[in-house]
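Every number in this text was worked out from the coordinates using simple rules, so none of it is lab data. Because the structure is a prediction, the values reported are computed rather than measured. Ideal geometry is used to build each Cβ from the backbone, glycine not excepted, and the neighbour counts take in all protein chains shown.
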Amino acid sequence: MVLAKAFDEMTLAGGACRDAYKGLSQWLQWTPTDFLRMKRQEADVLFRRLGITFAVYGEGGDPERLIPFDIIPRVLSAPEWQRMEDGLRQRVKALNMFLNDVYHDQEILKAGIIPEKLVLNNSSYLPEMQGVDVPGNVYSHIAGIDMVRVGEDDFYVLEDNCRTPSGVSYMLENREVMMRLFPALFAEHRIAPVDSYGDALLDTLKECAPPKTTGDPTVVVLTPGIYNSAYFEHSFLADQMGVELVEGPDLFVDDGKVFMRTTQGPQKVDVIYRRIDDTFLDPLTFDPNSVLGVPGIMNAYRSGQVTLANAVGAGIADDKAIYTYVPDMIKFYLGEEPILKNVPTYKCGEADDLAYVLDNLAELVVKEVHGSGGYGMLVGPAASKQEREDYAERLKAAPDEFIAQPTLALSTCPTFVESGVAPRHVDFRPFVLSGKDIRMVKGGLTRVALRDGSLVVNSSQGGGTKDTWVLEE
Amino acid sequence: MLSRTANNLYWLSRYMERAENFARILEVADRMSMMPGAASDAQQSEWWSTLMTSGCAEAFEESGLRVEGPMVTEFLARNPENPSSIYSSIRQARENGRAVRTSLTMEMWECLNDTWLSFDQRWTDARRYGELRSFLDWIKERSTVFRGGLYGTMLRDDAFDFARLGTYVERADNTARILDVKYHVLLPEGEEVGGGVDYFQWTSLLRAFSALGSYHYLYRENPKPWKIAELMILRREMPRSLIGCYQQTVSHLDRLAEAYGSRHECHRIAGQVYSQLQFADANDIFQSGLHEFLSDFIVRNNRLGNEVARSYMFLG
């Protein structure tokens with residue numbers, strides 16, 4: 001692997017400790033490994049007992065797995081966070097403006113900033129949404145932006161998640177568990193709290209209720225059910241907000257309005273934080289075989305009787321082919337210079353780029369445009385020659401379906417593994433809430449690749465999570 | 001609240017109650033099997049009656065297993081194919097709980113989750129060391145912890161009422177079935193009720209209700225069949241008696257009627273059964289036939305369950 005020189009967030013190349021990590025570094029030096037091991041076991045027991053699991057089906061074994069939790073936190077300084085937050089607010093604002101634009105006047109296409117066919121021929125662009133007004137023009141109410149770091153001041157946006165980004169429950173529960181395990185560490189640091197996320201989410205959703213809503217809007221969380229891999233998160237968020245967690249069959253449409261079945265009869269629903277994909281939402285509009293959705297809900301939605309968060313069709317903004325244009329969007333809609341950088345991306349659909357990608361597969365990461373969760377991607381430096389050759393064949397067969405990026409030397413953080421404390425690669429997913437205002441809590445989900453040298457942080461591929469501390473000034 | 005949530009809470013409580021009752025039934029059978037010199041015929045009829053009591057006789061016959069202690073025990077405690085086994089009940093209770101986690105307090109959820117996660121280890125240990133009783137005690141203890149968590153921490157709103165309703169409908173069914181089956185098995189043909197029944201068997205029956213001590217305290221004499229029946233049907237001091245269950249059922253249904261401002265068919269049925277129990281006399285029940293009385297009760301109790309579902313849990 002060519003990644004020996006990854007930036008470590010605690011220890012600089014010369015051996016000096018970075019400021020934000022001074023307290024933690026000292027604590028690590030004083031703390032015996034056995035104690036850490038004991039604390040890690042304690043953490044496992046806590047997570048299991050609380051039922052904080054995600055489900056993996058089809059691989060045999062216990063389908064309810066724990067996402068491995070690393071007990072060593074990742075630390076961001078106040079200025080580091082502030083710059084990232086400014087950049088994220090700017091970026092998500094532009095993404096929502098882009099969504100509103102492509103589903104209305106399509107100015108950005110007319111101006112030739114983004115090729116028309118890339119949007120209109122994209123399966124993530126839903127013509128059903130053309131001309132539909134959504135409250136506050138907000139499409140991606142909850143966005144999770146994946147960030148990576150490669151140097152002291154080098155943060156990149158790796159991916160935007162504008163549909164139903166998950167992981168925020170781990171941000172919150174990781175913090176809870178850390179506070180139980182290491183109260184003294186919290187006393188010594190000034191760590192920004194994250195526990196207002198549930199309230200911020202509820203405020204955001206209520207702000208986006210249909211304008212005709214009378215009284216306090218009724219908000220629900222819509223889940224595919226207990227067999228969904230993120231079910232814990234769905235129930236956790238409903239609980240944090242104090243709203244009902246509903247499944248498709250709990251809802252029905254009558255007279256163009258959406259109701260839930262309660263013990264006292266039908267109750268009108270105004271805002272649905274839905275954690276099921278667009279195509280399963282309404283068997284009358286999309287997949288007729290879907291049993292997860294609610295027949296007729298799209299009509300109620302289009303006529304403004306109910307708000308869906310995130311909006312139907314928001315996926316066009318986080319499509320990997322659109323990603324390369326986000327900096328242009330920021331300039332186009334906001335007239336500002338992008339604060340956050342994109343990772344340089346090769347569009348395999350373009351002949352020059354494809355040729356370059358094929359010649360340099362060993363140095364690149366290649367992803368399916370529509371893929372997610374780390375499935376179906378090629379990490380060139382880690383792949384065998386055979387794997388690269390096989391992947392090249394797939395690439396040539398459908399170049400439009402792929403993008404490629406240089407293999408970034410993701411930063412590393414101290415992580416407690418079998419051999420003790422060792423650096424492991426991490427990424428970061430902060431969450432951005434868009435209602436009338438944009439809200440963020442100071443934190444996010446740090447994912448860590450637990451295998452030595454691995455760059456794949458996805459929980460489905462052996463990644464774990466860490467608590468993320470944003471220090472207060 | 002969501003109808004599905006009410007439904008889940010109701011069944012969650014039923015499953016926990018069922019798991020506990022199965023543990024009691026198995027405990028009695030286990031004691032019986034330790035009796036000295038018990039003939040294999042008698043043993044077999046005892047295990048058979050255990051299957052009858054649990055309502056699993058038919059399913060057991062279909063499984064083709066032999067009516068022997070270890071087989072019956074496994075079938076009732078651990079068999080995942082048997083939807084009523086303790087294993088299945090705990091699994092379903094937890095699954096129901098998982099689906100309505102937001103309506104459970106942390107104490108309730110952790111109890112359900114812990115019980116499910118430790119189940120196999122407990123069972124394996126019990127088998128390895130031949131300590132079925134410690135496994136059964138553990139199940140009863142878990143049910144008690146759950147009930148305690150529910151009582152001590154749950155908001156007293158409609159969710160609480162649905163959870164409790166599940167417990168009492170299940171418990172009433174269980175009490176009626178144990179009484180019904182045991183009377184048949186314990187009474188040799190042609191012999192009168194209370195004729196020549198083995199003392200040990202009667203005390204075991206009381207143990208199945210955790211009522212041996214209460215019986216002695218209330219009656220201050222040796223167990224007699226008709227007194228046991230009176231205790232388990234008509235004495236409202238007994239938390240597992242039919243009237244005890246219905247007193248609670250009616251009270252929870254009334255609370256729902258008050259909260260929601262409407263009464264349903266389930267209220268009528270519960271009230272009817274309750275008033276019948278209130279004015280019933282043990283002698284009359286025996287004269288007109290205990291079996292008939294209990295069968296009729298079981299049917300009406302089932303109907304109550306269905307009506308609760310129809311009134312509150314209209315699931316599309």
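When you have a sec, figure out the Kirkwood radius of chain A from all distinct Cα pair distances and drop it here in Å to one decimal?
One decimal place: 23.4 Å for the Kirkwood radius.
Work from the charge dipole of segment A:72-186 (Cβ charges, +1 for Lys and Arg, -1 for Asp and Glu, about the Cα centre) and give the residue of A:Val150, A:Val102, A:Val177 farthest towards its positive end.
Result: A:Val177, furthest along the dipole toward the positive end.
Of the options A:Ala351, A:Gly376, A:Ala392, report the single residue whose Cα projects farthest towards the positive end of the charge dipole of segment A:344-407 (beta-carbon charges: Lys, Arg +1; Asp, Glu -1).
A:Gly376
Taking the Cα centre of the protein assembly as shown as origin, work out the dipole magnitude from +1 charges on Lys and Arg Cβ and -1 charges on Asp and Glu Cβ, in debye rounded to 20.
Numbers: 82 positive and 111 negative charges, 298 e Å.
For the protein assembly as shown, the charge dipole is close to 1440 debye.
Could you give me the ³J(HN,Hα) list for segment B:91-103, computed from phi with Karplus coefficients 6.51, -1.76, 1.60 and θ = phi - 60°, whole Hz, x at Gly and Pro?
With coefficients 6.51, -1.76 and 1.60, one gets 4, 5, 4, 5, 5, 4, x, 5, 6, 10, 3, 5, 9 Hz.
Using only helices, what value at 222 nm comes out for the protein assembly as shown when you add -39,500 (n - 2.57) per DSSP H run of length 4 or more and divide by the total residues, to the nearest 500 deg cm²/dmol? Walk me through the intermediate numbers first.
Details: 30 runs with 385 residues, N = 789.
About -15500 deg cm²/dmol.
Defining a contact as two alpha carbons under 8 Å apart and six or more residues distant in sequence, what relative contact order in percent does chain A show? Intermediate results must be reported in sequence, preceding the final value.
On the way: 898 pairs, mean separation 112.7, N = 473.
With pairs under 8 Å counted, the relative contact order is 24 percent.
With no solvent and one point per C-alpha, what does the Debye sum give as log10 I(q)/I(0) for chain B at q = 0.07, 0.11 Å⁻¹?
Taken in order of the listed q values, log10 I(q)/I(0) reads -0.27, -0.70.
Hey, could you get me the Stokes-Einstein D for segment A:301-400, Kirkwood radius over alpha-carbon pairs, 4 °C and 1.567 mPa s, rounded to whole µm² s⁻¹? Walk me through the intermediate numbers first.
Numbers: Rh = 15.9 Å.
This corresponds to a translational diffusion coefficient of 82 µm²/s.
Would you please give the residues with an amide H less than 5 Å from that of A:Val470, counting only those at least 5 places away or on a separate chain, with H modeled from the backbone geometry?
Sorted by chain and number, the residues that satisfy this are A:Leu76, A:Ala192.
To the nearest 20 debye, what is the magnitude of the charge dipole of chain B about its Cα centre, counting +1 on the Cβ of each Lys and Arg and -1 on the Cβ of each Asp and Glu?
Numbers: 36 positive and 42 negative charges, 188 e Å.
Computed about the Cα centre, the dipole is about 900 debye.
Once amide H atoms are built 1.01 Å from N in the peptide plane, which residues 5 or more positions from A:Glu244, or in another chain, come under 5 Å H to H?
Amide H to amide H, under 5 Å and 5 or more residues apart or across chains, A:Glu244 pairs with A:Val221.
Please list the radius of gyration and Dmax for segment A:378-473, considering alpha-carbon atoms only, with Å as the unit.
Using the Cα atoms of segment A:378-473, the pair Rg, Dmax is 17.5, 53 Å.
Would you kindly derive the ³J(HN,Hα) couplings of segment A:139-144 from the backbone phi angles with the Karplus curve 6.51 cos²θ - 1.76 cosθ + 1.60 (θ = phi - 60°), listing them in order in whole Hz, with x for Gly and Pro?
10, 9, 5, 10, 10, x
Taking the Cα centre of segment A:28-179 as origin, sum charge times position over the Cβ atoms of Lys and Arg (+1) and Asp and Glu (-1), and report the length of that vector in debye to the nearest 20.
Working: 16 positive and 24 negative charges, 62 e Å.
Charge dipole, segment A:28-179, about its Cα centre: 300 debye, nearest 20.
If you average 1/r across every pair of different Cα atoms in segment A:344-407 and take the reciprocal, what Kirkwood value do you get, in Å?
Values: mean 1/r = 0.0889 Å⁻¹.
Radius from the Kirkwood sum: 11.2 Å.
Extending each Cα 7 Å along its Cβ direction at A:Asn360 and A:Arg451, get the distance between those two points in nm, one decimal.
2.5
Show the residues, 5+ positions off or on another chain, whose built amide H is closer than 5 Å to the amide H of A:His104.
Answer set, sorted by chain and number: A:Gly131.
Using a Cα-Cα cut-off of under 19 Å, which aspartates and glutamates could be cross-linked to B:Lys224, ignoring same-chain neighbours fewer than 8 residues away?
By straight Cα distance, B:Lys224 reaches B:Asp180, B:Glu189, B:Glu191, B:Glu192, B:Asp198, B:Glu237, B:Asp281, B:Asp284.
In terms of the ratio Rg/(2.2 N^0.38 Å) built on C-alpha atoms, what value belongs to the protein assembly as shown? Can you show the working numbers first?
Working: Rg = 31.4 Å, N = 789, 2.2 N^0.38 = 27.8 Å.
Cα Rg divided by the expected 2.2 N^0.38 Å: 1.13.
At q = 0.10, 0.17, 0.25 Å⁻¹, work out log10 I(q)/I(0) for segment A:211-305 with the Debye formula, treating every Cα as an identical point scatterer and leaving solvent out; two decimals please.
-0.24, -0.72, -1.43
Longer than 23 Å from Cα to Cα, which of A:Lys93/A:Lys442; A:Lys367/A:Lys396; A:Lys206/A:Lys341; A:Lys110/A:Lys320; A:Lys93/A:Lys268 are they? Say none if no pair is. If you can, show how the numbers build up before the last one.
Details: A:Lys93/A:Lys442 18 Å; A:Lys367/A:Lys396 14 Å; A:Lys206/A:Lys341 32 Å; A:Lys110/A:Lys320 21 Å; A:Lys93/A:Lys268 30 Å.
Beyond 23 Å between Cα atoms: A:Lys206/A:Lys341; A:Lys93/A:Lys268.
I need the trypsin sites (Lys or Arg not before Pro) found in segment A:176-231, filtered to DSSP loop residues with at most 15 other beta carbons within 10 Å of theirs. It would help to have the intermediate numbers written out before the result.
Numbers: sites: A:Arg180, A:Arg190, A:Lys206, A:Lys212; in loops: A:Arg190, A:Lys212.
Sites meeting the loop and neighbour criteria: A:Arg190, A:Lys212.
When you have a sec, figure out the Kirkwood radius of segment B:1-154 from all distinct Cα pair distances and drop it here in Å to one decimal? It would help to have the intermediate numbers written out before the result.
Values: mean 1/r = 0.0620 Å⁻¹.
When all Cα pairs of segment B:1-154 are included, the Kirkwood radius is 16.1 Å.
Write down the radius of gyration of segment B:169-316 and its Dmax, each obtained from C-alpha positions, in Å.
Gyration radius and largest Cα-Cα distance of segment B:169-316: 16.6, 54 Å.
For segment A:188-202, take each phi angle, set θ = phi - 60°, evaluate the Karplus expression 6.51 cos²θ - 1.76 cosθ + 1.60, and give the result in whole Hz per residue in order, putting x for glycine and proline.
Result, ordered by residue: 7, 10, 9, 9, 5, x, 10, 6, 8, 4, x, 5, 4, 5, 4 Hz.
Pop the C-beta distance of B:Thr105 and B:Glu74 into the FRET formula with R0 = 30 Å and round what comes out to the nearest 0.05.
Rounded to the nearest 0.05, the efficiency is 0.35.
Provide the net charge surrounding A:Glu80, with neighbours chosen by a C-beta distance below 14 Å and charges set as Lys +1, Arg +1, Asp -1, Glu -1.
Neighbourhood net charge equals -4.
Roughly how far apart, in whole Å, are the Cα centres of segment B:219-235 and segment A:79-138?
Here the answer is 76 Å between Cα centres.
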